[in-house]
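For reference, the structure is listed below as structure tokens.
The values are calculated or read from the model by the stated rules, or taken from the named source; none is laboratory data. These numbers come from a predicted model, not from an experiment. Note that we place each Cβ from the backbone using ideal geometry, even for glycine, and neighbour counts take in every protein chain shown.
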């Protein structure tokens, strides 16, 4: 069996079409960033959507209500802009008349899109935004496949305590995402745990020397960097070059080969970060997806792509279960009953339509590979993360 068929086989046989059935297409809407500062994240997301659609169609499509349905994508570039996202969602619902919308990269854009989707009875499945409040709006049409900040931080808080990394410090973006991340993490630390230092920086700042001086005098044993790839690389380089003896803790953006390309193994060795999809983990479904993704895109699989791949299969499964590729209400009801074994793990939605996928802690090794350090039962050697 080839690599593509291994991954395509994750979907149950009822999805497959037959030669005798009438054939038609169903268009899935996509709202994502294809330009602007988060275009790289949007590219990973779209790669996952496209790979899943291609695999489903190659396997024969979906069998929905007696017809064979092949999937196509209608993509709008929102640039992570809330107003553009809301406009794109309205167009997908009223002009393109899609039954399901997939996306988004940024939480503010998703927050603007979600009520528009609900107004037109169009289910929306997100695969990257992590703001917890997105699934706290009583929006029956909004679903999230990926872990939110609370779920990610719970794993990290457990790790910090287990490794005796208190007191902890933070350097974070001076925006809702950064401050929300700090507050969320602090709430999960043990009562009375001391936070040695909290510093914020504005988007575009490149000099972290003042934060480093404050860290040095704070007594912090570890510092959590709540930021994206570019400022993260700058902060890590400056902390290491300053000789500061502190455990570095990163975010999802800092756990892939793409981030390694910005620095080198010397700077990253020993750094840990939460991770939604360690592509080299010794798990068959993960390795199969990583091999298929690498064959298609010539790079290591990214968690955003894996989560997005699963979202397409969840949407497809819901259309089959609903017996319709056009009725948003029926598809929404089927989505709420999702129980899908995806490449990221088992996906089921709670009463808020939030999934609870596995979360890992990975550590950079001196040779530029990664290993899993948490949960303990998944711990691996270097090269297995």
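Does the stretch 179-193 contain any residue that is over 20 Å from residue 157 (Cα atoms) and modelled with pLDDT under 95?
So the first thing to find is which residues in the stretch 179-193 are over 20 Å from residue 157 (Cα atoms), and the list is none.
For the stretch 179-193, residues over 20 Å from residue 157 (Cα atoms) and modelled with pLDDT under 95: absent.
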Practice item. Answer yes or no: is there a residue in the stretch 62-70 that is at pLDDT below 95, buried (at least 17 other Cβ atoms within 10 Å of the Cβ) and closer than 18 Å to residue 102 by Cβ. Key: no
Check your understanding: Looking at 191, 157, which one is in contact (Cβ under 8 Å) with a residue 12 or more places away in the chain and either touching a strand residue (DSSP E or B) at 6+ places or on another chain (Cβ under 8 Å) or not assigned by TED's automatic domain parsing to the domain that holds residue 333 (or both)?
Key -> 157
Practice item. Being outside the structural domain of residue 214 (by TED's automatic domain parsing), modelled with pLDDT of 95 or more, surrounded by 21 or more Cβ atoms within 10 Å (Cβ to Cβ) and in contact with a strand residue (DSSP E or B) (Cβ under 6 Å, 6 or more places away or on another chain) narrows it down to one of 134, 102, so name that one. Key: 102
Check your understanding: Would a scan of the stretch 268-280 turn up a residue that is over 30 Å from residue 145 (Cα atoms), within 25 Å of the chain's Cα centre (by Cα) and modelled with pLDDT of 95 or more?
Key -> yes
Point to revise | Residue check, residue 271 in contact (Cβ under 8 Å) with a residue 24 or more places away in the chain and assigned by TED's automatic domain parsing to the domain that holds residue 155 | key: yes
Practice item. Identify, by number, the condition in (1) modelled with pLDDT of 95 or more; (2) in a loop (DSSP other than H, G, I, E, B); (3) out of contact with any strand residue (DSSP E or B) (no Cβ under 7 Å at 6 or more places or on another chain) that residue 122 doesn't meet. Key: (3)
Check your understanding: If we only count strands (runs of 3 or more DSSP E) wholly inside the stretch 144-246, which ones have 2 or more residues that are surrounded by fewer than 18 Cβ atoms within 10 Å (Cβ to Cβ)?
Key -> 195-201
